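Worksheet for the structure shown next.
The values are calculated or read from the model by the stated rules, or taken from the named source; none is laboratory data. Note that this is a predicted model, so its numbers are computed, not measured. Reconstructed Cβ throughout: ideal geometry from the backbone, glycine too, with neighbour counts over all protein chains shown. Side chains are part of the model used for accessible areas, which takes the heavy atoms of the whole protein and leaves out ligands, DNA and RNA. Shrake-Rupley method; radii C 1.70, N 1.55, O 1.52, S 1.80 Å.
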Amino acid sequence: MPMDAIMPMLTLNNGVTIPALGFGVYRNPPAQTTVAVETALANGYRLIDTAAAYGNETEVGSALSQSGVDRARLFITTKLWIDDYGYDSALRAFDTSMAKVGLDTLDLYLLHQPLPSDFDATVASYQALQTLYEQGRVRAIGVSNFGTAQLAELLARTDVVPAVNQIEVHPYFTEPELRAFNLENGILTQAWSPIGGVNRYAAKSGNVKDPLRDPLITALAAKYSKTPAQIILRWDIQQGLCAIPKSVSPKRIAENIDIFDFYLTNAELSDISALDTGIRGGPNPEDIRRS
Ligand SMILES: NC(=O)c1ccc[n+]([C@@H]2O[C@H](COP(=O)([O-])OP(=O)(O)OC[C@H]3O[C@@H](n4cnc5c(N)ncnc54)[C@H](OP(=O)(O)O)[C@@H]3O)[C@@H](O)[C@H]2O)c1
C-alpha cells in the first residue's frame, strides 16, 4: 500500500491538512540534503521541514523538483530567521526562501524563534506572515519556540492565530503546559527533535540524556520488535503531535516512517511521558538575542 494512503493527517486551525510525520533537515550539510530529501520522498514522507537558517533550502528545492511527487501531495515548511525580523525585511526574506525552494506557494511559514529583546520586531514579522497568508502565498502561518507568555502577547497583538507552534518535545522534555496552551488556542504542537536529537548533539554538556537509550524505551522496543526511535515516534504521533525526525541515513529514514503497523497502549504512553526531566536540550527561547 502506498505510504500516502496510510499516513495520518492532522487538520490545522484553518482547515489545511498536514501529515502527522514529516522529515527535518536541520544540521544536514547542503551536500547531503538533496539525497536525504529524495530518499525521504521515495520512502513516503511528504512533509519536509527546512529553514532559512539551515542553509539548505536550495538543496531541498532540488530534491522536490527532481522527485516527480505531485506538488499537491507535498507539505513544505520553511522559517524566517531572526536576522530578517521586521515587516519589510520579512517579506524580502520570504521571497529569497521561495526562490531557493523553487515554489510559488508555501504550505507553512514559521517565525523561527521569538525575539524577547525586540518583541515589536517579532510582531511586525508575524504581521508580514499574515500579509503573505492573506495574499495566498502561504497556506498556513505559525511560530516556533514560543512559550505561553510570548504566544499570549502575539495572540493579543495580531489577527491570525498561529496554525503551528514548533517546539522541542521528546520523552525527556515533554512540555505539558505549553502543549496544553497550544491545544486550548487551536495551535498544533509540532515536535522538533522528536526522537531527542538535541540531547545527543548537546551530550557534551553532560546535563542531558539520550532518550533512545532509556531502559523503558529499549524494553518497549524489544516488546514490539521495533527500534527505540520507532517507539518514541509512536509516542509522538499517538498524542496528536506532528513529528519531524531528521536523518541522513537511508536505513534510519526508512525506519522512522515504518511506524504505522503497531500501537502503544495508553499506559505505555503515560509511562513514557513520565520520563520527562524538565530539562531542555536546546536554548531557552527567553535568552534568544540577535547575533
Ligand atoms: N524550530 C527549531 O528551532 C528546530 C530546532 C531543532 C530541530 N528542528 C527541526 O526538527 C528536525 C528534527 O530535529 P533534530 O534533527 O534536532 O533531532 P531528531 O530528529 O530528534 O534526531 C536526529 C538525530 O538522531 C539521529 N537519528 C535519526 N533517526 C535515528 C534512528 N532511527 N535511530 C537512531 N538515531 C537516529 C540522526 O542521525 P543521522 O542523521 O545520522 O541518522 C540525528 O543525529 C530538524 O531536522 C529540524 O527540521 C527545529
Summing +1 per Lys or Arg and -1 per Asp or Glu among the other residues with Cβ less than 12 Å from Lys100's Cβ gives -3
Any idea how far apart Gln32 and Asn14 come out in nm if each label point goes 7 Å out from Cα toward Cβ? 3.4 nm
Under a point spin-label approximation (7 Å from Cα along Cα-to-Cβ), what is the Asp88-Arg252 distance to one decimal in nm? 4.4 nm
Return the single residue from Ala128, Ala40, Ala219 with maximal mean-square fluctuation; model: Gaussian network over the chain, springs between Cα atoms under 10 Å. Ala219
If each part is reduced to its alpha-carbon centroid, the range 45-74 and the range 4-41 end up apart, in Å, by 8 Å
Where a ≥ b ≥ c are root eigenvalues of the Cα gyration tensor, a/c under 1.5 meaning rounded, otherwise prolate if a/b exceeds b/c and oblate otherwise, the range 12-51 counts as oblate
Compute the longest continuous run of the chain that contains no exposed trypsin sites (Lys or Arg not before Pro); treat a site as exposed when its DSSP state is not H, G, I, E or B and it has at most 16 other Cβ atoms within 10 Å. 28-288
Taking every other residue with Cβ under 13 Å from the Cβ of Glu255 and scoring Lys and Arg +1, Asp and Glu -1, one gets +3
With all protein chains in place and a 1.4 Å probe, Phe94 shows an accessible area in Å² (nearest 10) of 0 Å²
The chain, helix-only ellipticity at 222 nm - DSSP H runs n ≥ 4, -39,500 (n - 2.57), divided by all residues, nearest 500: -12000 deg cm²/dmol
Mean separation of Cα contacts under 8 Å (6+ apart) over length of the chain, as relative contact order %: 20 percent
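Using a 1.4 Å probe and counting only protein heavy atoms, arrange Glu57, Glu177 so the residue with the most accessible area comes first.
Details: Glu57 10, Glu177 135 Å².
Sorted by accessible area, descending: Glu177, Glu57.
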Add +1 for every Lys or Arg and -1 for every Asp or Glu among the other residues with Cβ under 13 Å from the Cβ of Asp49, and state the total. +2
Rounded if a/c under 1.5, otherwise prolate or oblate - the range 1-154, Cα gyration tensor axes: prolate
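Report the gain in length on full extension from Glu134 to Ser67: 0.36 nm times residue separation, minus Cα-Cα distance, nm rounded to one decimal.
Length gained, Glu134 through Ser67: 21.2 nm.
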In Å², rounded to a whole number, the accessible area per residue of the range 16-111 with probe 1.4 Å is 36 Å²
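What is the range 53-138 by shape, rounded, prolate or oblate, if you read a ≥ b ≥ c off the alpha carbon gyration tensor as root eigenvalues and call it rounded for a/c under 1.5, prolate for a/b larger than b/c, and oblate otherwise?
In terms of gyration-tensor shape, prolate.
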Restricting the calculation to Cα positions, tell me the Rg (one decimal) and the Dmax (whole number) of the chain in Å. 18.0, 54
